[in-house]
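Where a number appears in this text, it was derived from the coordinates with a stated rule and is not lab data. Quick caveat: nothing in here was measured; it's all calculated off a predicted structure. Cβ placement follows ideal geometry from the backbone for every residue including glycine, while neighbour counts extend to all protein chains displayed.
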Amino acid sequence: MSAQPLVIVGGGLAGARAAEGARQAGHTGPITIVAAEDAMPYIRPPLSKEFLTGAAERDVVDVHPAEWYADEHVEVLRGVRATALDPGGHRLRLADDRTLAYARLLIATGANARRWPAPEGELAGVHVLRTFADSVALRDALSGGGRRMVAIGAGWIGLEATAAARAYGDEVTVVAPEAVPLAAAVGSAVGEVFAELHRTNGVDLRMSTGVAALRSTEGRVTGVELDTGETVPADLVLVGIGAVPATGLADAAGLEVQNGIVADASFRTSADDVYAVGDVASVYHPVLEAHLRTEHWANAENAGRAAGRVLAGESLEYAEIPYFYTDQYDLGMEYSGYGTLADGVDPVFRGDPGAREFIAFWQRDGRVVAGMNVNVWDVSDGVQRLIRSGARIDPARLADPAVSFDELVAEASA
């Protein structure tokens, strides 16, 4: 494989790390990244965090400086969309009518933001937040201050953008159908911590509330009509209602797709020599013994590099613990674990959730399956060690800040 051509479809973090992983594994042949956006590969977390707030500029999002690609002999085709994949012929057609031959191909096309499912989603002033261009447009809209933003959706994107808007001095109303922000991701108990955080920072949370329509004048959004009949005035609206895996290329090529491109633990899809990774991929996880599609940064970072090593001919199964983080106002958080196993489980708290300085653990059958540290640092590795240990741990010991993670692991192993 070392001299054969590799093609990576997708110009995000997963694609760039795959190219890096392939080179690290000794691949000497051509590597081509096909990037639909006219940009070098970039990472997304700053788009809703430090770049959006104005605390950082463009270069914070770059995966590598431009010269890295030249030094590593990785060709990046910018602003070129892949239009058709022929797995049998090992060829990829591009929108400019070029055709690329490959020995192995990796699909890392990510996901697309869900847009408002009605024509008014195209109104001026209605935003989504997924791409660099989206972040620039939203930052420009917010940065003057004194605006009125309605965020539809109380997930990570909606809440991080809300925190940025409040930092600029904008008024924000968050509208969401669930009773508690982030309940689907971290459960109601921890979700309430985020709800109180935003209320304390002046956000009007309208939970258990639906949106009936977006209102406009002369093609620009002016408000959001709620299912209660009230209309909340808005100078801009952020639609933060999730993302959809970009499986179009795989669908048309006949690959197996079910909530993403189905892949085994080595990123192999149902087509020979075609692999998938990142937001677009539903990858078998050996610990869960189930397929898992993860949209967070760490998955693109770590799985992307691992997929590149597989493209280069290494044999491995990817079994990393999912990880993500957020920064909102003065709250920083890291989460490690299996959300599907933590779902419906009441957390064990170490520390004070009311003071927003704590660690939350989720246990199933006495085993830690997930952990979240909020404004408590340098513990993420310990949380992951507890999860990997698979040991049954007394909840009272978990909750006791005097008991170190080393002691917990040692006790469980005794």
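Please work out how much length the chain gains when fully extended from His296 to Asp71, using 0.36 nm per residue of separation minus the C-alpha to C-alpha distance, in nm with one decimal.
Stretched fully, the His296-Asp71 segment lengthens by 78.2 nm.
Tabulate in residue order the Karplus-calculated ³J(HN,Hα) for segment 92-107, using 6.51 cos²θ - 1.76 cosθ + 1.60 with θ = phi - 60°, rounded to whole Hz; enter x for Gly and Pro.
Each residue's phi maps through the Karplus curve to give 10, 9, 10, 5, 8, 6, 6, 10, 10, 8, 9, 8, 9, 10, 10, 8 Hz.
Within segment 24-51, list the residues whose amide N lies under 20 Å from a label point set 7 Å along Cα→Cβ of Asp140.
Taking a point 7 Å out along Cα→Cβ of Asp140, the residues of segment 24-51 whose backbone N falls under 20 Å are 37-40, 46-51.
Please report the relative contact order for segment 330-413, taking Cα pairs under 8 Å with a sequence separation of at least 6, and give it as a percent rounded to a whole number.
29 percent
Which ³J(HN,Hα) values, rounded to whole Hz and listed in residue order, are derived for segment 275-291 from phi using the Karplus coefficients 6.51, -1.76 and 1.60 in 6.51 cos²θ - 1.76 cosθ + 1.60 with θ = phi - 60°, glycine and proline given as x?
Listing the rounded values in order: 10, 9, 7, x, 4, 7, 9, 9, 9, 5, 10, x, 6, 6, 6, 7, 7 Hz.
Hey, can you rank 302-313, 66-77, 246-257, 144-155 by average C-beta count inside 10 Å, highest first?
Averaged packing, sorted descending, gives the order 302-313, 144-155, 246-257, 66-77.
How much FRET efficiency would the formula 1/(1 + (r/R0)^6) give for Ala410 and Ala252, where r is the Cβ-Cβ distance and R0 is 60 Å, rounded to 0.05?
It comes out at approximately 0.65.
Mean separation of Cα pairs under 8 Å and 6+ residues apart, divided by the residue count of segment 115-241: what relative contact order is that in percent?
Relative contact order for segment 115-241 comes out at 33 percent.
Within 10 Å, count the other beta carbons around each residue, average over each peptide in 366-373, 209-216, and list them highest first.
Per-residue Cβ counts within 10 Å, averaged per peptide and sorted highest first, yield 366-373, 209-216.
Give me a comma-separated list of calculated 3J(HN,Hα) values for segment 234-241, in order, Karplus coefficients 6.51, -1.76, 1.60 applied at θ = phi - 60°, integers in Hz, x for any Gly or Pro.
With the stated coefficients, segment 234-241 comes to 8, 8, 8, 10, 9, 8, x, 10 Hz.
Sort 227-236, 128-137 for me by packing, meaning the mean count of neighbouring Cβ atoms within 10 Å per residue, highest on top.
Put in order of decreasing packing, that is 128-137, 227-236.
Can you list residues whose amide H is under 5 Å from Arg81's amide H, if they're 5+ apart or on another chain and H is modeled 1.01 Å from N?
Here Ala95, Asp96 satisfy the definition.
Give me the percent relative contact order of the chain, please, defined on Cα pairs under 8 angstrom at least 6 residues apart.
15 percent
With a point put 7 Å past each Cα toward its Cβ, work out how far Asp394 is from Trp377 in nm, to one decimal.
Output for this residue pair reads 3.3 nm.
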